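To start, the structure under review is shown below, and the notes come after it.
The values are calculated or read from the model by the stated rules, or taken from the named source; none is laboratory data. Computed from a predicted structure; not experimentally measured. All Cβ positions, glycine included, derive from the backbone under ideal geometry; neighbour counts span all protein chains shown. Only protein heavy atoms, including side chains, enter the accessible area calculation; ligands, DNA and RNA are left aside. Shrake-Rupley method; radii C 1.70, N 1.55, O 1.52, S 1.80 Å.
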Amino acid sequence: MKKGKIFVVGFGPGDYEHITKRAIDALQQSEYIIGYKTYVELIAHLVTAKSIISTGMTEEVSRAQEAVRQAELGNIVSVISSGDAGVYGMAGLVYEVLIELGWKEENGIEVEVVPGISAINSCASLIGAPVMHDSCTISLSDHLTPWTIIEKRIEAAAMADFVIALYNPKSGRRTRQIVEAQRILLEYRSPSTPVGLVKSAYREKQQITMTTLEEMLNHDIGMLTTVIIGNSSTFYYDNKMITPRGYQRKYTLGEEKQALKPHQRLKKEAEPWALDQDTGLAKSGYEKIAEKKVNKSALELANEALALVSGSKSEASNGQTLAKPLIQQKVESIFEIGVSPGVANKSFTPEQMRTLAELVGDNGTMEYTPEHKIHLKIPTDEPQKVVEVLESVGFLIAPIGDYLNVKACDFCYGEKADAIPYAEMIQRDLGGMKLPKELHIGFNGCGMACYRAVFDDIGIVYRKKKFDLFIGAKPVGRTAHAAQPVAEGIEPDALIPLVTRILDEYKQNAHPNERLFKYFKRVKRILDYSYQDMSSKIELEPAPCGD
Ligand code: SF4
């Protein structure tokens, strides 16, 4: 006799586009389709089975028994569940019925569980990215599970800061469970915790409500609703619920250049919150606070956690002892920026020096660079405020990284002042431009070029009220060479448009990280200027330390 088979098929939220190919294949191979009548109607157009058996709610056991009976007669049967058959679906029950009958995989009927998209995933996708971190599903249905157990699970999940998806939150007769769940959650989470209510995801009557833990009961919640409750970090942005994964602890998300280099990111000192591999301890007092059941915001909890670790306390106005706030919700990043007194100005004022010392403080650093700038590294979560303070004392600000930097000579302390306005114009129009690789424009006020403009990516030398232009120096390394002279006698009005065209071409065509001299060497031509090899022809012995 032909050996039967049971597919236990999860068909996802219910629309065709979210059913897997394997689920469709299983349904189309099956001679019998067995399921809850609402679900059978949802997939009826996909099947050609000779028999469709649909039964009502609470008939799950008879459906599983019938599936086993038909498979034992040699038929191929699909038992269907919405979502995933292994998440509150029919998969477990089919196995339990088989186990009662002494089934063994080795010689019994074949069983295949076909996975589908569960509500936690389909609903999350409709409201942003709320399940980006540890999460759990809890069914509030107490038809088969004692409420005392469900209650413990809600409390444990709330205490452990899981994102929670509540399934079966409410029905005609079960209305109290969701109220109790909210009460428990509010003991551990802020009333403003984001909550998404998704009803009939990806079906015709889909309905989405974005609310908060405090307000959620003021909205329609029914049998077909999934309630997604954020953790203590979840936030709303543009009506989307987002749960951060934690990248902001190590990365500056708005910047391409990161304070931590790839080889530093997994080092112990870069993650002081991690489990210490030698002692088995972690720096966190969070669990101790959670045990106490306090109705506090995430920030208050975090501050108290740190206070527990450090033992620091402070006194409130009413005499109550409070944990001293130690951290802000925002994670501090290292803000890097270059400052100088000006393009042509090399003199710092006492006020500027004082301001630098105050801004940098004990935890930041300042370093003078060959680009005539002070490179600042300041721990802050308010970089814009830092910039405002620096600008208020007259600093010229330069971003760090792959940007255009203008450096000029001191114009013999102003005696050769004719050229200064042009240097300032270049800084104003082009300074800070984002480029494939850092690029320096060296600007010198006379043909002496004593500030080595010809050793920069682009060198500009003012001579006889006109300009000479050099491009493509390799400023460092044993194969360093000067830039190639490409034009002389450029009229002042033509200078900035010409440099802009060179930069535009480089920006559009260079590979990422390709410095201007490499680009020039590779393409052999920039605008009308042909490349000439400026490197020395002497044969170099291999260097013991690399290039
Ligand atoms: S390059 Fe010319 S103008 Fe500039 S500092 Fe040197 S000598 Fe003076």
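Numbers for the structure displayed
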| read-out | value |
| --- | --- |
| Ranked by how many other beta carbons lie within 10 Å on average, peptides 523-535, 187-199, 75-87, 161-173 from highest | 75-87, 187-199, 161-173, 523-535 |
| The chain: translational diffusion in µm²/s, Stokes-Einstein, Kirkwood Rh over Cα pairs, 4 °C, 1.567 mPa s | 44 |
| Ratio of the Cα radius of gyration of the range 324-433 to 2.2 N^0.38 Å, where N counts its residues | 1.19 |
| Sulfur and carbon atoms: percent of accessible area, the range 81-227 [1.4 Å] | 51 |
| Relative contact order of the range 102-248, defined on C-alpha pairs under 8 angstrom at six or more residues apart (%) | 28 |
| Accessible-area composition of the range 402-547, carbon plus sulfur, in percent [1.4 Å probe] | 53 |
| Gyration tensor verdict on the range 234-277 (Cα atoms; rounded if a/c is under 1.5, prolate if a/b is larger than b/c, oblate otherwise) | oblate |
| Value of D in µm² per second that Stokes-Einstein yields for the range 1-148, Kirkwood Rh from Cα pairs, at 10 °C (1.306 mPa s) | 100 |
| Trypsin sites (Lys or Arg not before Pro) restricted to the range 1-96 and DSSP loop, no more than 13 other C-beta within 10 Å | Lys2, Lys3, Lys50 |
| Approximate spin-label separation Ser535-Lys507, in nm, with each point projected 7 Å along Cα-to-Cβ | 2.9 |
| Pairwise Cα inverse-distance average, inverted: Kirkwood Rh of the range 1-74 (Å) | 12.7 |
| Calculated from backbone phi, Karplus (6.51, -1.76, 1.60) coupling profile of the range 252-257 in Hz, x at Gly/Pro | 9, 6, x, 10, 7, 8 |
| Cα pair distances exceeding 15 angstrom across the range 189-264, given as percent | 64 |
| Share antiparallel - DSSP beta bridges, the chain, percent rounded to 5 | 60 |
| Options Tyr237, Ala85, Leu217, ranked by Cα towards positive dipole end of the chain, top entry (Cβ charges) | Ala85 |
| Ordering of 347-356, 234-243 by burial proxy (mean other Cβ atoms within 10 Å per residue, highest first) | 234-243, 347-356 |
| Anisotropy class of the range 116-223 from Cα gyration tensor, a/c 1.5 cut | rounded |
| Pairwise label distance in nanometres, Asp278 with Ala259, each label 7 Å out on the Cα-Cβ vector | 2.5 |
| Cα gyration tensor shape of the range 425-547, rounded if a/c is under 1.5, else prolate or oblate by comparing a/b with b/c | prolate |
| Members of Lys152/Lys205; Lys261/Lys407; Lys5/Lys199; Lys152/Lys268; Lys250/Lys437 lying beyond 29 Å, as alpha-carbon distances in this model show | Lys152/Lys205; Lys5/Lys199; Lys152/Lys268 |
| Whole-number accessible area per residue in Å² for the chain, which is evaluated in the context of all protein chains at 1.4 Å | 54 |
